[in-house]
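The values are calculated or read from the model by the stated rules, or taken from the named source; none is laboratory data. Being a predicted model, the structure only gives us computed values, none of them experimental. When we count neighbours, we look across all protein chains shown, and the Cβ atoms used for this are built from the backbone with ideal geometry, even at glycine.
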Amino acid sequence: MLRHIVMFRLKDMPEKADNLKKLKNAIEQLQESIPEAKSIEVGVNVNTSSAAFDLVLVSDFDDAAALDKYRVHPEHQNVLELIARVNQEIAVVDYDL
(Lines give C-alpha, C1' and ligand atoms only; values in the text may rest on other atoms or scores of the structure.)
Protein backbone atom coordinates (compact mmCIF):
# COMPACT_ATOMS: atom_id res chain seq x y z
CA MET A 1 0.00 0.00 0.00
CA LEU A 2 1.25 3.47 -0.88
CA ARG A 3 0.21 6.63 0.99
CA HIS A 4 0.20 9.91 -0.95
CA ILE A 5 0.14 13.16 1.06
CA VAL A 6 -0.12 16.58 -0.54
CA MET A 7 -0.22 19.90 1.32
CA PHE A 8 -1.43 23.07 -0.37
CA ARG A 9 -0.82 26.70 0.53
CA LEU A 10 -3.33 28.77 -1.40
CA LYS A 11 -2.79 32.22 -2.82
CA ASP A 12 -3.79 34.97 -0.43
CA MET A 13 -6.73 36.58 -2.22
CA PRO A 14 -10.20 37.77 -1.21
CA GLU A 15 -11.80 34.52 -2.41
CA LYS A 16 -9.34 32.25 -0.55
CA ALA A 17 -12.02 30.76 1.73
CA ASP A 18 -14.22 29.94 -1.26
CA ASN A 19 -11.24 28.46 -3.10
CA LEU A 20 -10.49 26.21 -0.12
CA LYS A 21 -14.05 24.86 -0.20
CA LYS A 22 -13.99 24.39 -3.99
CA LEU A 23 -10.66 22.59 -3.90
CA LYS A 24 -11.67 20.37 -0.98
CA ASN A 25 -14.90 19.35 -2.74
CA ALA A 26 -13.19 18.79 -6.08
CA ILE A 27 -10.54 16.52 -4.55
CA GLU A 28 -13.09 14.56 -2.50
CA GLN A 29 -15.14 13.87 -5.64
CA LEU A 30 -12.17 12.10 -7.22
CA GLN A 31 -12.87 9.12 -4.95
CA GLU A 32 -16.06 8.45 -6.93
CA SER A 33 -14.48 8.55 -10.38
CA ILE A 34 -10.98 7.12 -9.93
CA PRO A 35 -11.05 3.52 -8.69
CA GLU A 36 -7.26 3.44 -8.19
CA ALA A 37 -7.71 5.75 -5.18
CA LYS A 38 -8.54 3.37 -2.34
CA SER A 39 -9.19 6.25 0.04
CA ILE A 40 -9.15 10.03 -0.11
CA GLU A 41 -9.28 12.31 2.91
CA VAL A 42 -9.08 16.10 2.64
CA GLY A 43 -8.70 18.43 5.60
CA VAL A 44 -8.77 22.20 5.94
CA ASN A 45 -6.15 23.47 8.37
CA VAL A 46 -7.24 25.08 11.65
CA ASN A 47 -3.69 26.04 12.70
CA THR A 48 -3.08 29.80 12.38
CA SER A 49 0.74 29.59 12.25
CA SER A 50 2.34 31.33 9.28
CA ALA A 51 4.27 28.09 8.65
CA ALA A 52 1.06 26.07 8.27
CA PHE A 53 -0.36 24.93 4.96
CA ASP A 54 -4.07 25.48 4.19
CA LEU A 55 -5.25 22.09 2.96
CA VAL A 56 -4.01 18.51 3.12
CA LEU A 57 -4.84 15.49 0.97
CA VAL A 58 -4.14 12.02 2.33
CA SER A 59 -4.84 9.22 -0.13
CA ASP A 60 -3.99 5.52 -0.38
CA PHE A 61 -3.19 3.41 -3.43
CA ASP A 62 -2.29 -0.25 -3.92
CA ASP A 63 1.08 0.71 -5.39
CA ALA A 64 3.01 3.32 -7.39
CA ALA A 65 1.42 2.14 -10.65
CA ALA A 66 -2.06 2.87 -9.27
CA LEU A 67 -0.91 6.34 -8.17
CA ASP A 68 0.45 6.94 -11.68
CA LYS A 69 -2.95 6.02 -13.19
CA TYR A 70 -4.62 8.44 -10.76
CA ARG A 71 -2.25 11.24 -11.77
CA VAL A 72 -3.12 11.01 -15.48
CA HIS A 73 -6.85 10.38 -15.05
CA PRO A 74 -8.92 13.10 -16.82
CA GLU A 75 -10.87 13.96 -13.64
CA HIS A 76 -7.60 14.47 -11.76
CA GLN A 77 -6.31 16.62 -14.61
CA ASN A 78 -9.40 18.85 -14.20
CA VAL A 79 -8.61 19.30 -10.50
CA LEU A 80 -5.01 20.15 -11.39
CA GLU A 81 -6.33 23.06 -13.47
CA LEU A 82 -8.11 24.41 -10.37
CA ILE A 83 -4.98 23.89 -8.29
CA ALA A 84 -2.91 25.84 -10.81
CA ARG A 85 -5.28 28.81 -10.50
CA VAL A 86 -5.53 28.98 -6.69
CA ASN A 87 -2.39 27.36 -5.26
CA GLN A 88 0.77 29.17 -4.21
CA GLU A 89 2.88 26.33 -2.78
CA ILE A 90 2.69 22.57 -2.61
CA ALA A 91 4.50 19.83 -0.68
CA VAL A 92 4.24 16.11 -1.46
CA VAL A 93 5.25 12.93 0.37
CA ASP A 94 4.67 9.38 -0.88
CA TYR A 95 5.57 6.42 1.32
CA ASP A 96 4.93 2.70 1.64
CA LEU A 97 2.62 1.55 4.42
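Going by the structure shown, is Ala84 more than 17 Å from Leu2 (Cα to Cα), modelled with pLDDT of 95 or more, in a helix (DSSP H, G or I) and small (Gly, Ala, Ser)? Yes. Taking the listed residues Leu30, Leu23, the one that is under 17 Å from Tyr70 (Cβ atoms), touching a residue at least 60 places away in the same chain (Cβ under 8 Å) and touching a strand residue (DSSP E or B) at 6+ places or on another chain (Cβ under 9 Å) is Leu23, with no other qualifying. Residue pairs whose Cβ atoms lie under 7 Å apart, sitting 6 or more positions apart in sequence or on different chains, and linking a residue in segment 2-19 that is touching a residue at least 40 places away in the same chain (Cβ under 8 Å) and buried (at least 17 other Cβ atoms within 10 Å of the Cβ) to a partner that is part of a loop (DSSP other than H, G, I, E, B) and of a type in the set (D, E, K, R), are Leu2/Asp63; Phe8/Asp54; Leu10/Asp54. The lone criterion from (1) within 17 Å of Phe8 (Cα to Cα); (2) in contact (Cβ under 8 Å) with a residue 40 or more places away in the chain left unmet by Asn47 is number (2). When segment 55-97 is limited to residues that are of a type in the set (Val, Ile, Thr) and exposed (fewer than 11 other Cβ atoms within 10 Å of the Cβ), the one that is farthest from the chain's Cα centre (by Cα) turns out to be Val72. Residues that are among the polar types (S, T, N, Q) and buried (at least 18 other Cβ atoms within 10 Å of the Cβ) within segment 20-52 are absent altogether. Scan segment 22-48 residue by residue and report those that are farther than 12 Å from Leu82 by Cα and either assigned to a helix (DSSP H, G or I) or among the aliphatic types (A, V, I, L, M) (or both). The answer is Glu28, Gln29, Leu30, Gln31, Glu32, Ser33, Ile34, Ala37, Ile40, Val42, Val44, Val46.
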